[in-house]
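Single-structure report; data block below.
The values are calculated or read from the model by the stated rules, or taken from the named source; none is laboratory data. It should be emphasised that the depicted structure is a prediction, and the values quoted were computed from it without experimental measurement. With ideal geometry, Cβ positions are generated from the backbone for all residues, glycine too; neighbour counts draw on all protein chains shown. Heavy atoms of the whole protein, side chains included, go into the accessibility calculation; ligands, DNA and RNA do not. Shrake-Rupley method; radii C 1.70, N 1.55, O 1.52, S 1.80 Å.
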Amino acid sequence: MSRGNIPEFRESCSHGTSEFPMKIYTNNFDWYTNRIIEWHWHPELEFAVVHSGKVICFVNDSCFEVSEGEGFFINSNMMHMECPADEGESPIMTTVCFLPSFIGDCGSDMIFRKYVRPIIKDTSLKAVKLTSESEWQRKVLGIIREMNTFSDTLSFGFELKCRNTIAELWYLMAVNLLNANQGTAKTPPKYTGIAEIRLKKMLSFIHENYSRELDVDLISGAANISKSECFRCFRIIIGKKPISYLNEYRLKKSAELLVDSDLSVTEICISCGFNHISYFGKMFQRYYGMSPKQFRRRNRDLQPTGLKDNLTSGNLIKEQTI
């Protein structure tokens, strides 16, 4: 998958359909390995409201805490991840995702040109924390909560209801953000924009080649940069070293296979890029707090739809079909 010359690794799930590009989800962090919705990005605009618990939302090199009753907006194609603010807690939140084209056509449409494009093209506007302290943000949060009930009444005309509600939501966003540009997450340094492009290339390379023998030279080569620049891109955006990220990704892919396949532990070890079963077992124990076999026994009966869609790229499950 690509956008121009920039390879991208996005969520494998589609948020809606080509005819109706929006989706409403209910998210329980218990459905995700280590209760983390991992680093990912997608072309859809994303809105969320937290119903219980506290969530930390990371957007590139910025982060903010979202408490019960609060929410957030993530701009199109922004790298982000979410995790509970308190260890052992499993927050629940509603997420609404839709393509910018759901608001206005991406061609010569005046609404898109005037009210959508300026926001999705604003690289400094990565995210907005939504709180009840602001009147317009309180209204946005109320709209997201209202949309959480839509799947209970899938009667004739619900698509129009969704479209009208999203239009109301975006009116509040556009009028307030384009006029004041307030409530955004911390604006990162100019360098971060270049670093993000480079990091996306390197992450895409890892995601496509994790089963191979990889090193920092190969990873940095995917973005045509030096090793020192590679380390800096990883550090300033996701706060990890390249090989640490690679090993964590391999472990998550192995966890997926443990639950969703009948491959042996040795076969999974090799297919996920680990050369030695003892090293794989030690790494898995350290990361998940149990052996691969214990993980398989414990999780096969616990996950409602398996781990395949939510281990590696933050995919959302238990969706309310709209």
Next item on the list: Only residues that are among the charged types (D, E, K, R), surrounded by fewer than 19 Cβ atoms within 10 Å (Cβ to Cβ) and modelled with pLDDT of 90 or more: list them for segment 76-113, please.
Entry: D86
Check: Filter segment 209-223 for residues that are in contact (Cβ under 8 Å) with a residue 12 or more places away in the chain and closer than 14 Å to N247 by Cα; which is least open to solvent (accessible area, probe 1.4 Å)?
Finding: I219
Checklist line | In segment 118-143, the residues that are at pLDDT below 95 and in a helix (DSSP H, G or I) | finding: P118, I119, I120
Item checked: First in segment 82-102 and on the phi < 0 side of the Ramachandran plot and touching a residue at least 24 places away in the same chain (Cβ under 8 Å), second anywhere and crowded, with 20+ Cβ neighbours inside 10 Å and of a type in the set (D, E), Cβ under 7 Å, 6 or more apart -> T95/E46; C97/E44; C97/E46; F98/E44; L99/E44
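Working only within segment 22-65, note down all residues that are closer than 14 Å to T95 by Cα and surrounded by fewer than 19 Cβ atoms within 10 Å (Cβ to Cβ).
To start, the set of residues in segment 22-65 that are closer than 14 Å to T95 by Cα comprises 22-29, 37, 42, 44-52, 55, 57.
Within segment 22-65, T26, N28, H51, S52 qualify.
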Checklist line | Looking only at segment 229-271, and only at residues there that are farther than 15 Å from K293 by Cβ and β-branched (V, I, T), the one that is farthest from the chain's Cα centre (by Cα) | finding: I270
Notebook entry, point to check: When the residues of segment 116-126 are filtered to those that are closer than 17 Å to E44 by Cβ and not hydrophobic (A, V, I, L, M, F, W, C), which remaining residue is most open to solvent (accessible area, probe 1.4 Å)?
Noted result: K121
Next item on the list: Within segment 262-288, track down each residue that is open to solvent by 80 Å² or more (accessible area, probe 1.4 Å), of a type in the set (S, T, N, Q) and part of a helix (DSSP H, G or I).
Entry: S278, Q285
Next item on the list: Count, please, the residues in segment 289-322 that happen to be crowded, with 18+ Cβ neighbours inside 10 Å and either small (G, A, S) or at pLDDT 90 or above (or both).
Entry: 5
